[in-house]
1. Between segment A:167-213 and segment B:40-95, what is the separation of their alpha carbon centroids in Å?
2. Would you tally the net charge around B:Thr111, using a Cβ to Cβ cut-off of less than 11 Å, leaving B:Thr111 out, and scoring K and R as +1, D and E as -1?
3. How large is the dipole of segment B:24-222 about the Cα centre if only Lys and Arg carry +1 and Asp and Glu carry -1, each at its Cβ, rounded to the nearest 20 debye?
4. Among B:Phe78, B:Gly177, B:Pro40, whose Cα projects farthest towards the positive end of the dipole of segment B:24-222, with charges put on the beta-carbon of Lys, Arg (+1) and Asp, Glu (-1)?
5. Over segment B:24-222, calculate the relative contact order: mean separation of alpha carbon pairs under 8 Å at least 6 apart, over the residue count, as a percent.
6. Enter the mean number of other protein chain beta carbons within 10 Å of the beta carbon of each residue in B:190-196, as an integer.
7. Taking every pair of distinct Cα atoms and averaging 1/r, then inverting, what Kirkwood hydrodynamic radius in Å comes out for segment A:43-170?
8. Averaged across the residues of B:183-189, what count of C-beta atoms belonging to other chains lies within 10 Å of each residue's C-beta?
Amino acid sequence: MRAWTTTLIAAAALAFGLVAPAAAGPAIDWDPVFFYGSGITPTNSPLGSQLIGVGTVSSFGPPLEFLNPNIGPYEYTIYVFGLISQGTSPGPFYLTNYSGGSIEIREDTTPDASFDANPPNAGVPSDFQDGTPILTGNFTSFFTQIDGLSAHNTGNAEGNIQWTGGTLLPYTGPAGGEPCPGLFTGGLTYYPPVMIPGYLYRHDGKIDFNCPTPNAPSTWGKVKSQYR
Amino acid sequence: MKRLAIAFLVASFALGTVGARMADAQLLLVDYVGFDYEFPDPDPSQFGEAGSGYNGVGEVPGVFAPLVSDPSKEHSYFITGLLQTNTQVFGTFLVIDYTPGTLSVYEDSSTPLTYGINPPNATAPSTFTDGDQILTGTLTNFRFVFNTANGTGSYEASFEATGGTQIGNIPLNQRKGWTFAGATSNSTGIPQGYYHQIDGQVFLDNAPTPGIKGTWGQLKANFR
């Protein structure tokens, strides 16, 4: 009886978030993604212009922790394209919303990705488009916001992804369930010393699978009362 | 012979130029991800309120040269000591300034990093600050910009490495740099009592210039 009660309380504690969450890295972490786009400046993205991003994955966490981007011959690339500007708000906070847009994450056994200057060029984005797609999806929202008051030209970018394909699509949601949305997020900078000519922003970010969590604050008293 | 000497001088000049350009480059030192919280936190319903202190804990998946990391150990960071000094409101944007604080990096193999809830608590920051403190430094001009309309923002600060077991790996004249991070409150994985998910980096202003060992014979051979 006592064992049954302990199990029940442990399960309830998990369900109600009473167990301290342990650290687990992002599902997909990168450094960096570089963005570029014709006619776009760091503080102005004219209506209708397209934002493109290329990057390399630096680490994987749960539920993709079985992938290791630091062991050859595997290279994991990120390609973001088709984000169409809805125009940029006036400063000093330059907010740009984008419509559309897609993302592809690929596994390549012939590593060749390099952030060649002044894209598009012979290597960008093509070096980031080869290999096997492990995850593909479409953005349901995306924005950049740049702070015109910062000393290091910083800001952030974020978007939500609806996953649609790739060999690892089943990992984006619960077993047997629908894919969870991906949250693409992180910091932006266009501080010249960390930039490559021809690119707009350097993005340090990650993607997590933003599964809904049926979690609610509670007390031991409430938990116990449910089983009395 | 004269032609060789001229070529050698031209090559030396070119090498010197390249070296100068490399010295201007910035070096990615640390890449970190985690969560932030306020302590003290006079009003938990607000972020950046008067009297609040900014803290951050998390993992460090990237430790880069000249720091040396043991991949068999976990790496963590702790940002603390930042007290709110001023909050400006521009529409939906908050601009929050802080007193100087510190950013430290730890290497540990004993206790798993555990965020817990409602920090500070029994595991945070303690499980993020045990082990060897391999780097610590001061943060100044720390500024957090946050858009309450979309729940995201960023921060930046100047950084200067001042201590830690590996401080000697960084030359004295190359210890200044900066940090920045993106912040979001839109992740469903933010533990209770934390405000934002954080993804940030630390750069050094002047990257140590990598040297290449060689002999005069090898150098001359390039021009024969």
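1. What the calculation gives is 21 Å, centre to centre.
2. Computed value for this residue: -3.
3. I would put it at about 680 debye.
4. Final value for the positive-end residue is B:Gly177.
5. Relative contact order of segment B:24-222: 23 percent.
6. 2
7. 15.9 Å
8. Average per residue, whole number: 6.
A short reminder: the numbers here are calculations on the coordinates, not readings from a lab. Computed from a predicted model, the values in this text were never measured in an experiment. Because the Cβ atoms are built from the backbone with ideal geometry, glycine has one as well, and the counts that use them run over all protein chains shown.
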